[in-house]
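Note sheet for the following structure.
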């Protein structure tokens, strides 16, 4: 049976469910596991990442038969309910060590790094002899350098020295300050965070991290972890179990020796085979000539190439061979190149590095994390991309994450193209501070918004569906490196609703077809390339861009670095804001927002034969205005939060009215196969009257204190400083002449944080963030006295963190009456002419 696209949006498939991290962090029981899974399912959450976490008792050893029995119980229950499971490949994180089992089986598999020891050459000293041999260390290279200062060297004068019998001799020239550098491969002494108390950072039993650049060590990790899961859960792979999550693999490990660079056995040969010079090793520590940045970039690329070869590629192949996807994410927010072998590329948004305040939505390198996974997927033909989000994203204290901010993060990701949301995290237990405050807060069952979570879940499904199997409509590519996504040059694009995608330099060379002034890759085609030239760009990339220009393409360059990037016939700008004028009008989506607003984000996509505009308000103020769309056809307004689809009025000049409240989003669909008509319905002149209701509020028949015409927050009431929970406020207002009331709106003003409104004992609705406005159907009203109840739930932070955050109903509470006069306006239908 064919399901209309509207029905697919309103009732999306469970494939698009959010899949939260589920922290297993306490004594496990089959009954509690199954009860929690059912609770997830009931709230519309039809998947989870099964994540062993700090707090599991030592008696339940990681990957033991007992542990795997609980895993199997969870997977079986998920299968009964038609849910999806993503397995997590580590005990805590970062991935790759099997809770230290890899190194326990072979101590030589512990993570390694390269350290530099410096020996100053005193003036007049000759025939320096150094004893270089130490246990568990290998000398990689010995070099003599000439220094201009403590941190700067004359790298063109660096000399390789010969090592004989563990000793080296060197006679320094008389023309400057010289040092001998000894580069030594050594154990990094890094660890991971384990799942038992006593195994955290800096604690005695923290598990040893693994040498992830060593293929043999990684194979041991796969054998211990992946094979163990498969042997126990084979029937569920490829159906209930859909992926394996790898999390921030760290080459050196956490808490490693200071000053180390990632390295492994025999890596010098690999380093040199990949175009690097041994004499350039000092530039990894010291400043030198203009080549320094290039040398460091090449080193990073070489390490990433080795990491891909030894870690990501083998795990990806294992996942593919076992009918599941590799998902998860590397360590850095812009490690886009390391996502090459992920069937579901991923990233994470944590620590409130991205946030509504202080310009962090579009500023700083973490602001690229959403586009990182989305564009990695787009250019590699992957259907889905994932983001682990909300971890430690609270504001005032550990648990002080508001439902409004949670919604903001969802919108921030979805409008950038992320289509598999992974909330961090649902806690199995919040028993004791070490469980409840381990990367808090719980964003699911143990938080105040859980009774209303199904609306969040359905919202995420609708927009995840929209952003899957669709192509974003942009002709602008922003050139990026494999480990750096420029953010300064794209800030004006975000703020002016101009869509773009990050295109990696390596993909430009390997996966793009350049013809007729267009760069084609996967489903995307680009006519404009934007470059923030803050790094060295290699000659083959420059040649490809010059070919693109010669075929009619446009390249726009902002030279941020001192040595300018020069590309024949490119367009140069002096500051990022000039990008707006440099991009041809035909490449700006022809989307106009009137008045302009830098807080509105846009994603324009094509799905089936429809064009969709997803608009998100990332600001703190409501927006009212108009938009003009390029396309013609029937326009509908799809509300993913309220689950409504309405015909959208289009004015004769092609403009559409738009209203985007704080923390809101809207989707406009354009069906070119149907004609657009304006339907002007009967309307009336409305008179508005406001009534302020700040007096006589009660809770449990006790008057609520009023200060300066506002209700006193309950955290200021006696004995309520650290209370987290729900309080019901009551009041009443008088009405007459009900026949003239067209609509009544109740605006609660300030509320902290969740408000459920009832009128005359009938539930009106719930608002989880400002504005706390409720539109009331006149049918709910009574002539005379109307009783209003507001059930307010505050933040869990007051109780969990013992802080006194503002709580309750504050107001001012205003009731707005809209009454109709009898000046009726006529109506007619007329077609919207095609906008050019």
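The values are calculated or read from the model by the stated rules, or taken from the named source; none is laboratory data. Keep in mind it's a predicted model, so treat the numbers as computed, not measured. Backbone-built Cβ (ideal geometry, glycine too); neighbour counts: all protein chains shown.
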| remark: Among 294, 286, 267, the single one that is farther than 24 Å from residue 561 by Cβ and surrounded by 15 or more Cβ atoms within 10 Å (Cβ to Cβ) is 267
| task | Any chance you could count how many residues in segment 641-660 are at pLDDT 85 or above and either in contact with a helix residue (DSSP H, G or I) (Cβ under 7 Å, 6 or more places away or on another chain) or closer than 17 Å to residue 613 by Cβ (or both)? | result | 13
| note | Quick count over segment 353-401, residues being in contact (Cβ under 8 Å) with a residue 12 or more places away in the chain and in contact with a helix residue (DSSP H, G or I) (Cβ under 9 Å, 6 or more places away or on another chain), is 34
| request: Report yes if some residue within segment 99-116 is within 30 Å of the chain's Cα centre (by Cα), in the same structural domain as residue 421 (by TED's automatic domain parsing) and modelled with pLDDT of 95 or more; otherwise report no. | output: yes
| Does residue 303 satisfy the condition of being closer than 22 Å to residue 494 by Cα and at pLDDT 95 or above? | no
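Every residue, every condition in (1) modelled with pLDDT under 95; (2) more than 21 Å from residue 10 (Cα to Cα); (3) in contact with a strand residue (DSSP E or B) (Cβ under 7 Å, 6 or more places away or on another chain), yes or no:
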site: 578; (1), (2), (3): no, yes, no
site: 586; (1), (2), (3): yes, yes, no
site: 603; (1), (2), (3): no, no, yes
site: 623; (1), (2), (3): no, yes, yes
site: 639; (1), (2), (3): no, no, yes
| message | Only one of 754, 788, 728, 702 is over 29 Å from residue 820 (Cβ atoms) and crowded, with 20+ Cβ neighbours inside 10 Å. Can you tell me which? | response | 754
| task | For residue 115, state whether it is part of a strand (DSSP E or B), on the phi < 0 side of the Ramachandran plot and either out of contact with any helix residue (DSSP H, G or I) (no Cβ under 9 Å at 6 or more places or on another chain) or touching a residue at least 12 places away in the same chain (Cβ under 8 Å) (or both). | result | yes
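Can you spot a residue in segment 344-361 that is over 21 Å from residue 484 (Cβ atoms), at pLDDT 95 or above, in contact with a strand residue (DSSP E or B) (Cβ under 6 Å, 6 or more places away or on another chain) and assigned by TED's automatic domain parsing to the domain that holds residue 306?
Checked against the condition, which is being over 21 Å from residue 484 (Cβ atoms), at pLDDT 95 or above, in contact with a strand residue (DSSP E or B) (Cβ under 6 Å, 6 or more places away or on another chain) and assigned by TED's automatic domain parsing to the domain that holds residue 306, segment 344-361 yields at least one hit.
It is to be established whether one or more residues within segment 744-756 are over 26 Å from residue 794 (Cβ atoms) and either in contact with a helix residue (DSSP H, G or I) (Cβ under 8 Å, 6 or more places away or on another chain) or modelled with pLDDT of 90 or more (or both).
Start the filter on segment 744-756 by keeping residues that are over 26 Å from residue 794 (Cβ atoms), which leaves 744.
Still in the running and either in contact with a helix residue (DSSP H, G or I) (Cβ under 8 Å, 6 or more places away or on another chain) or modelled with pLDDT of 90 or more (or both): 744.
Looking through segment 744-756, at least one residue is over 26 Å from residue 794 (Cβ atoms) and either in contact with a helix residue (DSSP H, G or I) (Cβ under 8 Å, 6 or more places away or on another chain) or modelled with pLDDT of 90 or more (or both).
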| note | Filtering segment 747-765 for residues that are more than 35 Å from the chain's Cα centre (by Cα) and part of a strand (DSSP E or B) leaves a count of 4
| query | Among the candidates 276, 214, which residue alone is closer than 25 Å to residue 335 by Cα, without any contact (Cβ under 8 Å) to a residue 40 or more places away in the chain and surrounded by 15 or more Cβ atoms within 10 Å (Cβ to Cβ)? | reply | 276
| note | Those residues of segment 228-245 which are in contact with a helix residue (DSSP H, G or I) (Cβ under 9 Å, 6 or more places away or on another chain) and within 11 Å of residue 89 (Cα to Cα) amount to 228, 229, 243, 244
| note | Given (1) touching a strand residue (DSSP E or B) at 6+ places or on another chain (Cβ under 9 Å); (2) at pLDDT 95 or above; (3) part of a loop (DSSP other than H, G, I, E, B), residue 123 misses just (2)
| request: Return the residue satisfying two criteria in turn: it lies in segment 129-171 and is surrounded by 19 or more Cβ atoms within 10 Å (Cβ to Cβ) and assigned to a loop (DSSP other than H, G, I, E, B), and of such residues it is modelled with the highest pLDDT. | output: 158
| said: Let me spell it out: the conditions are (1) outside any loop (DSSP other than H, G, I, E, B); (2) within 18 Å of residue 116 (Cα to Cα); (3) in contact (Cβ under 8 Å) with a residue 40 or more places away in the chain, and residue 299 meets all of them except one. Which number is the exception? | reply: (3)
| request: Might you let me know whether segment 337-349 holds any residue that is touching a residue at least 40 places away in the same chain (Cβ under 8 Å) and more than 22 Å from residue 506 (Cα to Cα)? | output: yes
| query | Scanning for something assigned to a loop (DSSP other than H, G, I, E, B), within 20 Å of residue 439 (Cα to Cα) and in contact with a strand residue (DSSP E or B) (Cβ under 7 Å, 6 or more places away or on another chain), does segment 66-86 turn up at least one residue? | reply | no
| Would segment 475-484 turn up any residue that is assigned by TED's automatic domain parsing to the domain that holds residue 537 and either within 30 Å of residue 395 (Cα to Cα) or surrounded by fewer than 21 Cβ atoms within 10 Å (Cβ to Cβ) (or both)? | yes
| field | Flag if residue 367 is in a loop (DSSP other than H, G, I, E, B), at pLDDT 95 or above and not assigned by TED's automatic domain parsing to the domain that holds residue 492 | value | no
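Is it true that some residue in segment 449-460 is in the same structural domain as residue 385 (by TED's automatic domain parsing) and at positive phi?
No, segment 449-460 contains no residue that is in the same structural domain as residue 385 (by TED's automatic domain parsing) and at positive phi.
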| query | Which one is farthest from the chain's Cα centre (by Cα), of the residues in segment 418-431 that are assigned to a loop (DSSP other than H, G, I, E, B) and closer than 21 Å to residue 242 by Cα? | reply | 425
| message | Residues to consider are 233, 257; find the one that is surrounded by fewer than 21 Cβ atoms within 10 Å (Cβ to Cβ), touching a residue at least 40 places away in the same chain (Cβ under 8 Å) and not in a loop (DSSP other than H, G, I, E, B). | response | 233
| task | Considering every residue within segment 717-724, establish whether at least one is in contact (Cβ under 8 Å) with a residue 12 or more places away in the chain, over 20 Å from residue 785 (Cβ atoms), not assigned by TED's automatic domain parsing to the domain that holds residue 452 and not in a loop (DSSP other than H, G, I, E, B). | result | no
| request: May I ask you to list the residues in segment 533-554 that are farther than 24 Å from residue 298 by Cβ and buried (at least 17 other Cβ atoms within 10 Å of the Cβ)? | output: 548, 549, 553, 554
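What residue, among those in segment 637-654 that are assigned to a strand (DSSP E or B) and surrounded by fewer than 18 Cβ atoms within 10 Å (Cβ to Cβ), is nearest to the chain's Cα centre (by Cα)?
Of everything passing the filter in segment 637-654, 639 is nearest to the chain's Cα centre (by Cα).
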| field | Whichever residue in segment 670-692 is part of a loop (DSSP other than H, G, I, E, B) and modelled with pLDDT of 90 or more and, among such residues, is farthest from residue 637 (Cα to Cα) | value | 673
| residue 49: part of a helix (DSSP H, G or I), buried (at least 20 other Cβ atoms within 10 Å of the Cβ) and assigned by TED's automatic domain parsing to the domain that holds residue 205, yes or no? | no
